[in-house]
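Participant: Dropping the structure in here first, questions after.
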Amino acid sequence: MQRIFVSGISTEVGKTMTSAIIAEALEADYWKPVQAGDLDHTDSDKVASLISNAKTKIHKSSFELTSPMSPHAAAEIDGVVVDANKIHEPHTDNHLVIEGAGGLLVPLNAEDTILDIIMPNYKVVVVSRHYLGSINHSLLTINWLKMKGYDVSVLFNGEANPYTEDIILQKTGVSLIGRLDEEDTFDKEVVKKYAERFRGVLQSL
């Protein structure tokens, strides 16, 4: 069974939408190890609202923090410590999509970052959204993952930008899943559309 970790080159680049699409395409389970922010409207809630299949199960986060900040800061405000040793992958016989928090090196505590909870057997999908500086952020993220030995693919989010996309693919050599276009809204139908579009490449990761 596949274990696919969804990371981003920064925050607000489309990790949750991408996670929902992958979960829908593979009818996979979903897990966000560390959730920070509005606990009444979590990323887990968003993914659950975008899934159409009956097989996907949403697993409880290991840590739920109340402030929309880096986990190490949100944890301090809540008076807890995010212990990476207490982040355990949920048991499932299904495929599993794991969504990170922010970018790759976002700190969980004084020692650990998001990178430290990406297991060696996970395939990593990096979501890259175009903005000034995104090439640098994409190359740093992808090449750091490659250096650590991970199997990495990239998914672009936003209007096509061949100059940006071509240089990222050329300099990293990673496989391309595809692109999410600018959509007026992201709902179940849009998620199903992309799930069908990307299903073949996701199954072959």
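The values are calculated or read from the model by the stated rules, or taken from the named source; none is laboratory data. As the structure is a computational prediction, the values presented were derived from the model and not from experiment. Cβ: placed from backbone, ideal geometry, glycine included. Neighbour counts: every protein chain shown. Protein only, heavy atoms only, side chains kept; ligands, DNA and RNA dropped before computing areas. Shrake-Rupley method; radii C 1.70, N 1.55, O 1.52, S 1.80 Å.
Participant: Could you run through the range 13-59 and say how many residues are in contact (Cβ under 8 Å) with a residue 24 or more places away in the chain and under 13 Å from the mean Cα position of the chain (by Cα)?
Facilitator: 19
Participant: Still on this structure: Any idea which residue in the range 181-200 is surrounded by the fewest Cβ atoms within 10 Å (Cβ to Cβ), counting only those that are β-branched (Val, Ile, Thr) and more than 17 Å from the chain's Cα centre (by Cα)?
Facilitator: 185
Participant: So which of 109, 85 is under 30 Å from residue 133 (Cα atoms) and without any contact (Cβ under 8 Å) to a residue 60 or more places away in the chain?
Facilitator: Numbers: 85 fails: under 30 Å from residue 133 (Cα atoms).
Going through 109, 85 in turn, the sole match is 109.
Participant: Looking only at the range 24-44, decide whether some residue is buried (at least 18 other Cβ atoms within 10 Å of the Cβ) and β-branched (Val, Ile, Thr). Reasoning before the result, please.
Facilitator: In the first step, residues of the range 24-44 are kept if they are buried (at least 18 other Cβ atoms within 10 Å of the Cβ); the result is 24-26, 28-36, 42-44.
Then keep just the ones that are β-branched (Val, Ile, Thr); that gives 34, 42.
Yes; the residues of the range 24-44 include at least one that is buried (at least 18 other Cβ atoms within 10 Å of the Cβ) and β-branched (Val, Ile, Thr).
Participant: Pull up the range 174-205, narrow it to residues that are of a type in the set (Asp, Glu) and in a helix (DSSP H, G or I), then point me to the one that is nearest to residue 153 (Cα to Cα).
Facilitator: Going residue by residue through the range 174-205, those that are of a type in the set (Asp, Glu) are 181-184, 187, 189, 196.
When the remaining residues are screened for being in a helix (DSSP H, G or I), the result is 189, 196.
Values: 189: 24, 196: 18 Å.
Step by step, filter the range 174-205, then rank; the result is 196.
Participant: State whether one or more residues within the range 52-62 are over 23 Å from residue 195 (Cα atoms), open to solvent by 80 Å² or more (accessible area, probe 1.4 Å) and in contact with a strand residue (DSSP E or B) (Cβ under 7 Å, 6 or more places away or on another chain).
Facilitator: Among the residues of the range 52-62, not one is over 23 Å from residue 195 (Cα atoms), open to solvent by 80 Å² or more (accessible area, probe 1.4 Å) and in contact with a strand residue (DSSP E or B) (Cβ under 7 Å, 6 or more places away or on another chain), which makes the answer no.
Participant: Checking residue 176 against (1) free of Cβ contacts under 8 Å to residues at least 40 places away in the same chain; (2) touching a helix residue (DSSP H, G or I) at 6+ places or on another chain (Cβ under 7 Å); (3) crowded, with 17+ Cβ neighbours inside 10 Å; (4) not charged (D, E, K, R), which test does it fail?
Facilitator: (3)
Participant: Need the failing condition index for residue 103 against (1) farther than 30 Å from residue 171 by Cβ; (2) at pLDDT below 95, just the number.
Facilitator: Result: residue 103 fails condition (1) only.
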